[in-house]
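Asks: The following block contains the structure, expressed as structure tokens.
The values are calculated or read from the model by the stated rules, or taken from the named source; none is laboratory data. Because the structure is predicted, anything quoted here is derived from the model rather than measured. Backbone-built Cβ (ideal geometry, glycine too); neighbour counts: all protein chains shown.
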Amino acid sequence: MSQRTYSKEQFLSGEVLLIDKFENWTSFDVVNKIRSTLKYRYDIPKLKVGHAGTLDPLATGLLIICTGKKTKEIQNFQDLPKEYITTIKFGETTPSFDLETDVDKTFSTENLTEKDVRTVIAGFKGKQKQIPPDFSAKRVNGKRAYESARKGKSLDLKPSEIEIFEIEILSFNRPFAKIKINCSKGTYIRALARDIGEKLDNGAHLTALRRTKIGNFSVEDAITVDLFQKML
């Protein structure tokens, strides 16, 4: 992608951009930056720009951005399976199931083994019901769930059907496990960490999350927002 050149007409008719999202950026931050960059560079008063699948602010990795008429295809991209590489820390829980919030409970990991973790995560392969995190972009009564969660309001989120196609441990160094996951749309990796911790009778939360693939699209072919701006 770094060798490509672009024109105003291309973005208006529709482009699909593979962006490697920075940590601490929201998905909407990326959309807004791309849109404002294109409007300034090409003097476009109005331009449709959208993303195909939200990434948490603390997550990095592949974000598909569509412009112009390609925004009509966003749902097609959202429906594709996803691949993530995550680091889970056992022995601690947080309300958000990641590092956005502080640790609220601790557990001993003295007897936790890699075999224990492998056995438990194998049971998550396949179709299942998953309760989304309160700290998520899921809409409840017209509001994003995280808006209520950050105000300390309790939520009653309904479980959604998801599917884990593949899940494997890449490395284990107690209390951390690096795990690769191939899953269906709508899967919350933070919620998966919560559920794995509960199955082990041991708390767990994410300390890192990176989306590496969406369907056949790979983060290896993506560029950062900074590089995209330089290309223009």
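Asks: Which numbered condition in (1) over 17 Å from the mean Cα position of the chain (by Cα); (2) buried (at least 18 other Cβ atoms within 10 Å of the Cβ); (3) within 20 Å of Pro57 (Cα to Cα) is the only one that Asp226 fails?
Replies: In the conditions (1) over 17 Å from the mean Cα position of the chain (by Cα); (2) buried (at least 18 other Cβ atoms within 10 Å of the Cβ); (3) within 20 Å of Pro57 (Cα to Cα), Asp226 misses (2) alone.
Asks: Sticking with this structure for a sec: Pairs under 9 Å by beta carbon, first residue buried (at least 16 other Cβ atoms within 10 Å of the Cβ) in the stretch 160-185, partner hydrophobic (A, V, I, L, M, F, W, C) and at pLDDT below 95, six or more apart or different chains?
Replies: These pairs meet every condition: Ser160/Ile131.
Residue by residue, here is whether (1) among the polar types (S, T, N, Q); (2) out of contact with any Ser or Thr (no Cβ under 7 Å at 6 or more places or on another chain); (3) closer than 29 Å to Lys180 by Cα holds:
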position	(1), (2), (3)
Val30	no, yes, yes
Pro57	no, no, yes
Thr67	yes, yes, no
Asp98	no, yes, yes
Asp102	no, no, yes
Ser108	yes, yes, yes
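Asks: Continuing with the same structure: Out of Thr5, Thr26, Thr54, Thr60, I need the residue that is within 13 Å of the chain's Cα centre (by Cα), over 21 Å from Gln130 (Cα atoms) and modelled with pLDDT under 95. Which one?
Replies: Exactly one of Thr5, Thr26, Thr54, Thr60 is within 13 Å of the chain's Cα centre (by Cα), over 21 Å from Gln130 (Cα atoms) and modelled with pLDDT under 95, namely Thr26.
Asks: Does Lys115 qualify as being assigned to a helix (DSSP H, G or I) and within 19 Å of Leu170 (Cβ to Cβ)?
Replies: Against the criterion (assigned to a helix (DSSP H, G or I) and within 19 Å of Leu170 (Cβ to Cβ)), Lys115 qualifies.
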